[in-house]
Amino acid sequence: MRLAAIAIIAAVALTACSSSEPASENQSQHRDVKSLVAAVTKTVGEKGSYRFSVTPPPTGGGVRAPSSGSVRLGGEVPSMDATTTRPVQTGGEAVDLRLVSTKKDTAFVKLPAAVFGLPADKPWVELDRRVDDDFTTTLLGFHDVVYQQAAFTTYHLPVMQAGGELRLTAQVGGNTRYSIAVDYRKAYDKLTDEGLKAEVKLALDQKVPGSTGEIELDGTGLPIRITFYTEFQGVRIVDEARFSDWGSDVTIAEPNPAEISSRN
């Protein structure tokens, strides 16, 4: 998870927009982070599935690999089927990696056979967190960077709720934009999930005391965008995920065992 830490802890600042206006008394639906997170979690859970896309910013740091895919809720953890495009070898060309996960500690990646020498009919490899080698750690890191942005109810919302304070609400057309200042020390003290606590501790250890989170909801209360901005070691980090197709018919399943290559 270390490779994905910045994606979870990245800070978000409210982007100035000429069409943005402070929400009126009637337009402002949520007055604190707790009610906002509870409402978004409930509304998203009722839909059960959605699509997401992540596009790298033109400049600055942050997630540099584009990705897109689908998420289905309702299981032990959110299930994800996504494709990301990135180099997998030092100095190599960017290639498409398909990532599928339906359980907490395992994932599957579909690799280009030409790059890794896999049989053409067995392009999938299983990734298990109990296996501690460079191949597994690196590819699970690629998975986690995408998953943390895609499955925001599991990552971003709990951290915002634990350490966040609602600072600004604005209307942008028919959407509502919420800006949340997150104190990582406060979040660390309140979080009960040990994995999330470890991620937040990495931020604190790297002298990142907090962030601001921005969530934009449509008129039905569903998120259409979550953006993160932060300053880290002199670089402005920008991470943005967009969401659509709520409640669409999505089936996410692990690959056929006959298509999985052995690691031996």
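Results, tabulated for the structure shown:
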{"read-out": "Scattering profile of region 123-237 at q = 0.17 Å⁻¹ [log10 I(q)/I(0), Debye over alpha-carbon scatterers]", "value": "-0.96"}
{"read-out": "Extension reserve of the Ile224-Asp105 stretch, reckoned as 0.36 nm per residue once the Cα distance is removed", "value": "40.0 nm"}
{"read-out": "Å³ per residue enclosed by the Cα convex hull of region 172-264", "value": "207 Å³"}
{"read-out": "Check: region 135-219 dipole with +1 on Lys, Arg Cβ and -1 on Asp, Glu Cβ, in debye", "value": "220 debye"}
{"read-out": "Listed peptides 32-39, 71-78 by packing density, highest first (mean Cβ within 10 Å)", "value": "32-39, 71-78"}
{"read-out": "Sequence of Ser261, Ser248 from largest to smallest accessible area, 1.4 Å probe", "value": "Ser248, Ser261"}
{"read-out": "Dipole magnitude of the chain, debye to nearest 20 (Cβ charges: Lys/Arg +1, Asp/Glu -1, about Cα centre)", "value": "300 debye"}
{"read-out": "Point-to-point label distance, Gln29-Glu165, nm (Cα→Cβ direction, 7 Å offset)", "value": "2.5 nm"}
{"read-out": "Charge-dipole axis of the chain as Lys and Arg at +1 and Asp and Glu at -1 on Cβ define it, positive-most pick from Ala151, Ala82, Thr230", "value": "Thr230"}
{"read-out": "Gain upon complete extension [Arg129, Arg64; 0.36 nm per residue less C-alpha separation]", "value": "21.0 nm"}
{"read-out": "Stretchable slack from Thr83 to Thr55, in nm (0.36 nm times residue separation minus alpha-carbon distance)", "value": "8.9 nm"}
{"read-out": "Accessible-area value, Glu194, 1.4 Å probe, nucleic acids and ligands omitted, Å²", "value": "130 Å²"}
{"read-out": "Spin-label model distance (nm) - Arg263 vs Ala113, 7 Å beyond Cα toward Cβ", "value": "2.3 nm"}
{"read-out": "Hz values of 3J(HN,Hα) by residue in region 76-90 - Karplus curve (6.51, -1.76, 1.60), Gly and Pro given as x", "value": "4, 9, x, 8, 9, 10, 9, 10, 10, 10, 6, x, 10, 10, 4"}
{"read-out": "Amide H within-cut-off set for Glu231, under 5 Å, with H built and near neighbours excluded", "value": "Ile237"}
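The values are calculated or read from the model by the stated rules, or taken from the named source; none is laboratory data. These figures come from a predicted structure and were not determined experimentally. A quick note on method: Cβ atoms are made from the backbone with ideal geometry, for glycine too, and the neighbour counts reach across all protein chains shown. Accessible surface is based on the protein model in full, side chains and every heavy atom, while ligands, DNA and RNA are left aside. Shrake-Rupley method; radii C 1.70, N 1.55, O 1.52, S 1.80 Å.
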